Amino acid sequence: MSEDGRPSGPADREGGRSEPASGAPAGTPERIVLVGFMAAGKTTVGRELGARLGYRFIDLDEEIERRAGRSIPRIFREDGEAEFRRLEAEVTRALDEVVVTRPDGRHGLVVAAGGGWMARPELRDRWPGAVRIWLRVRPETALERLDGSLDSRPMLDADDPLGSIRALLEGREADYARAEHSVETNGLPPDEVVDRILAAIARHG
Ligand code: S3P
C-alpha cells in the first residue's frame, strides 16, 4: 500500500489509465465486486465497468501475482493451493481500508475476484457495503473461452477439463448465488454485460 491507502504497483498504473466515460449515477455503490467462475469475464468486464463509472479497478489475481512475484500456476506448482488461498486472503484484507478518491473527487472501486473467492465466507462477507455481481457462465462456454490457456488454470484437470469445470461449478453455485445480483454472460460481448450490470444496480441498488 502507498501512503494514501491505495495499493501500489501495477494496479495503480492500471487505475490511473482509466478515465470515466460517463460517470457513476447517484446511489451507485462505492464498492462493486465481480464474482463467478473462471472465464466468466470478471477481469475484462471489471476493467470496462471501472472505466465507465470512473472507478478504480483492481484484479485480485493480478494483486496476488504482484505480491508473490510469481504467476498463479507457479504458486500452485511450487507451494500448492493452500499458499495461493493464503495470499488470496491477504490481498483481500489489504483492500479493507482502501478508500479510492480520484482527482475528480469521485469514490469507487471495482474488484474482480478469483473463481474461488465466493466459496470463502471470511472473504465474501468481508465488505458489508459492497455489492457483489455474479457473472454467470455455462461450463461449455467457460471451456471454449479457456481454450489455449488451460495450462494456466491449476484448478482444472487437464485430462478432463469439462468434467472438472462442471464439478467445480456445481459445487460453487450456491456460493455464487449469494451475490446481490447475477448477470448472464453467455453469448454477450463485455460492453453488453456492463450495460446489464449497470441496469441491475440502477434497479435495485
Ligand atoms: C481459481 C480461479 C482463478 C485463480 C486461481 C483459482 C478458482 O481466477 O484465482 O487459479 O479457484 O476458481 P479466475 O476465476 O479469475 O480465473
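If the chain linking ARG93 and ALA167 were pulled fully straight, counting 0.36 nm for each residue of separation and taking away their Cα-Cα distance, it would gain 23.8 nm.
Residues whose amide H lies under 5 Å from that of LEU34, counting only those 5 or more places away or on a different chain, are VAL111, ALA112, ALA113, ILE133; hydrogens are built 1.01 Å from N in the peptide plane.
With a 1.4 Å probe and all protein chains left in place, how much accessible area per residue does the chain have, in Å²?
47
Computed from Cα atoms, the angle from the helix 161-176 axis to the main principal axis of the chain rounds to 40 degrees. Surface composition of region 90-150: carbon plus sulfur atoms hold 48% of the accessible area, using a 1.4 angstrom probe and ignoring ligands, DNA and RNA. One compactness figure for region 30-81 is 1.32, namely its Cα radius of gyration divided by 2.2 N^0.38 Å. Ordering 65-77, 108-120 by mean Cβ neighbour count within 10 Å, with the highest value first, yields 108-120, 65-77.
Which shape class, rounded, prolate or oblate, goes with the chain when its Cα gyration tensor gives a ≥ b ≥ c as root eigenvalues, a/c under 1.5 marks rounded, and past that a/b bigger than b/c marks prolate?
Judged from the Cα gyration tensor, the chain comes out oblate (a/c at least 1.5, b/c at or above a/b).
A simple spin-label model places the labels of ALA82 and ALA177 3.2 nm from each other, with each point 7 Å out along Cα-to-Cβ. The GNM of the chain, with springs linking C-alpha atoms under 10 angstrom apart, assigns the highest mean-square fluctuation among ASP159, ASP79, ASP175 to ASP159. For the pair HIS107 and ASP151, label points projected 7 Å from Cα toward Cβ lie 4.6 nm apart.
The values are calculated or read from the model by the stated rules, or taken from the named source; none is laboratory data. From a predicted model like this one, the values you see are computed outputs, not experimental measurements. Glycine also receives a Cβ, built like all others from the backbone with ideal geometry; neighbour counts cover every protein chain displayed. The area values use the complete protein model at the heavy-atom level, side chains included, leaving out ligands, DNA and RNA. Shrake-Rupley method; radii C 1.70, N 1.55, O 1.52, S 1.80 Å.
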